[in-house]
Amino acid sequence: MSLELKNIKKSYREPDGNVLPILDIEHFQVGQAEQIALVGSSGGGKTTLLNVISGITTPDSGQVFIDGVEITRLPEAGRDRFRAERIGFVFQTFNLLAAFTALENVLLGMSFSRGKADKQLAKDLLEKMGLGKRLSHRPSQLSVGEQQRVAIARSLANRPSLLLADEPTASVDPANQDTILKLIRDMCREFGVSLLLVTHAMEIAEQFDRVACLKDFNAVLQTTS
Amino acid sequence: MSLISIAFKSIRQRALASTLTAFSVALGTSLMIAVLIANTIVTRAFDLQEFGYDLVIGPKGSELELVLNTVYRMAPPIENLPWRYYEEVKADKNIAVAIPVALGDSSEIGGFPILGTVVEYFFNEYAHGKKFQIEGEWPSHKWDAVIGSHVARVNGWKVGDPFHMVHAGQADHVHKEEFTIVGILKPTGTPNDRTVFVNLNGFFAIDGHEKPIDEAIAREAEFFGETPEQVRQFHARELAQYQKEVEEYGHAHTLPMLQKEVTSILVKMKFDPKNPTLSQSRAIGFSARLKEGFKAQAVNPIRPMQRLMDKLVGNIRILLMYLTGLIILVSGVGIFVSIYNSMADRKKEIAIMRALGADRMTVFSIILAESVALCVIGGLAGIVMGHGLIMLAGPVITARSGLLIDPFIFDPQELIIIPAMIILASFVGFIPGLTAYRTDVAENLSS
Ligand SMILES: Nc1ncnc2c1ncn2[C@@H]1O[C@H](COP(=O)(O)OP(=O)(O)OP(=O)(O)O)[C@@H](O)[C@H]1O
Ligand SMILES: [Mg+2]
């Protein structure tokens with residue numbers, strides 16, 4: 001099992017003192033190299049869920065297991081290290097660092113784990129993304145679609161076991177959406193990475209075998225096949 | 001990528017601000033270096049602990065002026081001493097060595113001070129355990145001269161070259177007499193390096209250097225507290241000879257002692273190895289006796305220089321150190337402002353790095369590394385600039401003040417600068433670092 005959630009509860013306290021529940025997930029799991037689309041309405045807690053899984057946000061209660069490690073028991077620095085070594089992240093906005101070239105942005109993806117930075121792997125990943133000729137371009141010199149492909153290469157640079165993608169195609173034009181999506185899915189298959197991909201678009205979700213739906217504020221996760 | 005290279009990336013990203021802040025640190029540091037080195041130069045130059053003589057005897061007046069004149073050849077002589085007095089000093093049973101020194105003129109080329117003296121000057125240690133060495137010969141003839149190494153280098157003079165000298169304080173009055181260089185002294189690191197030494201006999205023989213007879217009698221009478229008649233009595237035989245020569249040839253062939261004058265006398269007391277402090281107390285005794293009588297003073301040159309250093313130079317140095325310290329502090333604040341202002345734009349970048357697995361300490365360290373890099377680069381550039389400044393300004397300062405400056409001079413205190421920079425940088429980078437440390441990842445990722 002790549003990812004397993006048990007009784008995850010997360011709520012935020014609103015300024016007026018009311019408690020606003022965001023997540024209430026009894027049980028959820030993603031198998032080894034499985035690919036799941038996560039849909040739900042805006043403000044439904046999808047991003048929050050990804051942050052809880054990656055250890056950026058701590059849940060109020062419950063357990064998160066990744067590759068059998070209960071990361072909810074780890075101290076913060078331990079979760080950071082775990083994230084550095086096992087989790088890949090692709091964000092809605094591309095979130096590349098402006099001062100870094102495409103290659104350096106990818107290298108940054110492996111800078112915080114114990115392993116040595118593997119320049120060849122970084123180059124290969126960019127090559128696979130069709131960016132072999134864009135290694136030393138800065139984000140401002142890349143098209144939107146290219147930027148997102150650099151971000152995908154970066155998310156895989158640390159050879160993660162789980163890739164979390166938060167609406168990776170939302171900022172890309174429709175013609176490019178499919179290309180990007182295909183790249184992500186193919187790469188995950190190639191490297192045996194489990195994928196949890198958040199999307200608004202039904203036409204994207206439909207391409208996945210399994211779709212998880214996070215329902216409005218009720219915060220119950222259902223799995224449909 | 002290492003933290004350092006990540007830090008350097010964001011330094012480069014803000015190249016202008018980074019360059020300016022590092023430059024301000026460099027300016028502060030170079031000033032600090034200049035102050036440190038200036039202090040080393042002055043301290044070394046004015047430290048007479050190792051000076052080769054126990055006393056400097058000169059006319060009564062400022063002790064400091066006497067030392068600046070005789071030892072440093074920086075100030076013009078105040079008054080002169082009669083030759084008769086020199087003979088008396090030389091005869092004193094407590095005195096081992098007495099060297100007459102005549103100053104005031106300067107070389108026509110380069111304006112180096114001319115010092116008329118006897119050849120014994122060169123055979124005495126100029127500093128404890130240090131003797132003059134020469135290329136060429138010691139002066140033996142009336143018009144022989146020996147020059148210091150700095151004079152030789154600046155004027156390009158060689159053994160055999162002739163030169164003229166300019167009368168004290170009158171730039172247009174060039175003496176017609178010509179001296180010839182017979183030797184060049186090896187560098188000593190003392191004012192001797194920039195001195196032109198001429199044979200005292202030649203110095204006296206220069207037209208205009210002899211005091212008119214009547215004036216000389218009046219001066220000697222005043223000096224010894226005698227009547228002019230007593231002075232004439234004392235010099236009776238010499239004066240008769242002088243009179244005879246003038247009547248026979250129209251001018252005197254031998255210069256009477258009466259007309260000779262020296263600026264000062266360098267004195268070494270007799271030294272008794274069984275009682276090493278004896279020569280010191282002899283010097284003190286001699287100096288005390290002079291205080292009462294005559295018109296002369298005997299000065300231990302260490303004392304006025306030390307007073308000058310303690311009272312003036314020392315305080316100026318402390319003031320300058322504070323000032324340059326403040327400048328560096330201000331440039332540190334500049335770095336702080338620059339980094340701190342950039343933090344608002346960088347919260348997102350920091351959140352991204354955190355999402356990629358950087359922990360709080362790592363992002364803190366990246367900011368700190370940035371501050372350290374700016375301070376250390378600025379500091380190193382400042383050290384280079386400071387030494388460059390010394391190299392450029394050295395010859396000018398030497399020409400103006402007569403202080404010799406080694407262009408490669410280095411003060412061990414400089415070694416503190418880099419660690420001090422790192423400490424400063426740590427303070428400067430701490431608060432922005434803390435901002436990075438506290439950055440909320442989830443919040444800044446979605447912004
Ligand atoms: N730090 C916070 N404090 C208070 N409320 C928060 C905080 N973070 C998120 N929320 C709330 O939690 C809810 C879920 O937010 P989240 O970003 O997870 O939604 P989402 O499903 O990703 O939405 P979208 O599809 O628009 O990205 C939102 O109503 C948001 O206002
Ligand atoms: Mg979201």
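Coordinate-derived values only; no laboratory data. If you're wondering where the values come from, they're calculated on a predicted model, not measured in any experiment. Methodologically, a virtual Cβ is constructed for each residue, glycine included, from the backbone with ideal geometry; neighbour enumeration extends over all protein chains shown.
Within 10 Å of the Cβ of each residue in A:127-137, the mean number of Cβ atoms contributed by other protein chains is 0.
On full extension, the segment bounded by B:Gln413 and B:Ser2 gains 144.7 nm, given 0.36 nm per residue less the C-alpha separation.
Two tests apply to each whole DSSP H helix in chain B, Cα reach of 18 Å or more along its axis and mean Kyte-Doolittle hydropathy of at least 1.0, and the ones passing both are B:15-46, B:360-401, B:417-438. Counted over region B:55-305, the DSSP beta bridges are approximately 80% antiparallel. FRET efficiency for the pair B:Asp310 and B:Gln133, taken as 1/(1 + (r/R0)^6) with r the Cβ-Cβ distance and R0 = 51 Å, rounds to 0.90.
Per-residue mean of foreign Cβ neighbours for B:355-367 is 6 (Cβ atoms of other chains, 10 Å radius).
Cross-link partners of B:Lys158 among aspartates and glutamates, defined as those whose alpha carbon lies under 17 angstrom from its own and excluding same-chain residues fewer than eight positions apart: B:Glu108, B:Glu135, B:Glu137, B:Asp144, B:Glu178, B:Asp193.
Label sites at B:Asn124 and B:Gln49, each approximated as a point 7 angstrom past Cα along Cα to Cβ, lie 2.2 nm apart. Bridge orientation summary for the protein assembly as shown: considering DSSP beta bridges with both residues in this region, about 65 percent are antiparallel. Put a dot 7 Å past the Cα of A:Glu14, heading toward its Cβ, do the same for B:His251, and the two dots end up 11.8 nm apart.
Note on region B:144-162 and region B:20-47: Cα centroid distance 33 Å, given to the nearest whole angstrom. Return the whole-Å distance between the Cα centroid of region B:200-227 and the Cα centroid of region B:309-355. Region B:200-227 and region B:309-355 have Cα centres separated by 64 Å. Taking 20 Å as the cut-off for C-alpha to C-alpha distance, list the pairs among A:Lys119/A:Lys182; A:Lys46/A:Lys215; B:Lys60/B:Lys311; A:Lys10/A:Lys215; B:Lys131/B:Lys268; B:Lys90/B:Lys268 that go past it. Over 20 Å Cα-Cα: A:Lys119/A:Lys182; B:Lys60/B:Lys311.
Once both labels are positioned 7 Å from their Cα atoms along Cα-to-Cβ, the gap between B:Ile422 and B:Ser62 label points is 4.7 nm. When A:Cys188, A:Cys213 are sorted by how many other C-beta atoms sit within 10 angstrom of their C-beta, beginning with the fewest, the order is A:Cys213, A:Cys188.
For region B:55-305, build the charge dipole from Cβ charges (+1 Lys, Arg; -1 Asp, Glu) around the Cα centre, then report which of B:Gly58, B:Ile184, B:Ser279 sits farthest towards its positive end. Value computed over the given set: B:Ser279.
Residue-normalised convex hull volume from the C-alpha trace of the protein assembly as shown: 238 Å³ per residue. Positive-end ranking of A:Leu181, B:Met361, B:Ile327 along the dipole of the protein assembly as shown, with charges on Cβ about the Cα centre, is headed by A:Leu181. Positive-end ranking of B:Pro256, B:Ile109, B:Gln133 along the dipole of region B:55-305, with charges on Cβ about the Cα centre, is headed by B:Gln133.
One Cα centroid belongs to region B:405-427, the other to region A:28-105; the line between them spans 47 Å. Report the longest stretch of chain A that contains none of the trypsin sites (Lys or Arg not before Pro) sitting in a DSSP loop with at most 10 other Cβ atoms within 10 Å. Segment A:1-113 is the longest.
Dipole size in debye (nearest 20) for region B:55-305 around its Cα centre, Lys and Arg Cβ +1, Asp and Glu Cβ -1? So the magnitude is around 1240 debye. Taking Cβ atoms as reference points and 9 Å as the exclusive limit, the residues near B:Lys347 contribute a net charge of -2, counting Lys and Arg as +1 and Asp and Glu as -1. Beyond 17 Å, what share of the Cα-Cα pairs of region B:324-447 is found? Please give it as a whole percent. Summing the P(r) of region B:324-447 above 17 Å gives 64 percent of all pairs. Overall, chain B carries a charge dipole of about 2040 debye about its Cα centre when +1 sits on the Cβ of Lys and Arg and -1 on the Cβ of Asp and Glu, all other atoms neutral. Among the GluC sites (Glu not before Pro) in region B:49-138, those located in a DSSP loop and surrounded by at most 16 other Cβ atoms within 10 Å of their own Cβ are B:Glu50, B:Glu79, B:Glu108, B:Glu125, B:Glu137.
For region B:269-356, the direction-averaged projected area of the alpha-carbon convex hull comes to 12.9 nm².
Each Lys and Arg contributes +1 and each Asp and Glu -1, all at the Cβ; summed about the Cα centre of region B:250-373, the dipole is approximately 640 debye. Once the Cβ-Cβ distance of A:Arg210 and A:Ala170 is raised to the sixth power relative to R0 = 22 Å, the FRET efficiency obtained is 0.60. Longest stretch of chain B clear of exposed loop sites (trypsin sites (Lys or Arg not before Pro), DSSP loop, at most 16 other Cβ atoms within 10 Å, sites excluded): B:275-447. Estimated from helical segments only, the mean residue ellipticity of the protein assembly as shown at 222 nm is -15000 deg cm²/dmol, where each DSSP H run of four or more residues counts as -39500 (n - 2.57).
Region B:55-305 gives an Rg/Rh value of 0.97, both radii derived from C-alpha positions and Rh following Kirkwood. Residue by residue along A:82-92, Cβ atoms of other protein chains within 10 Å of the local Cβ number 3 on average.
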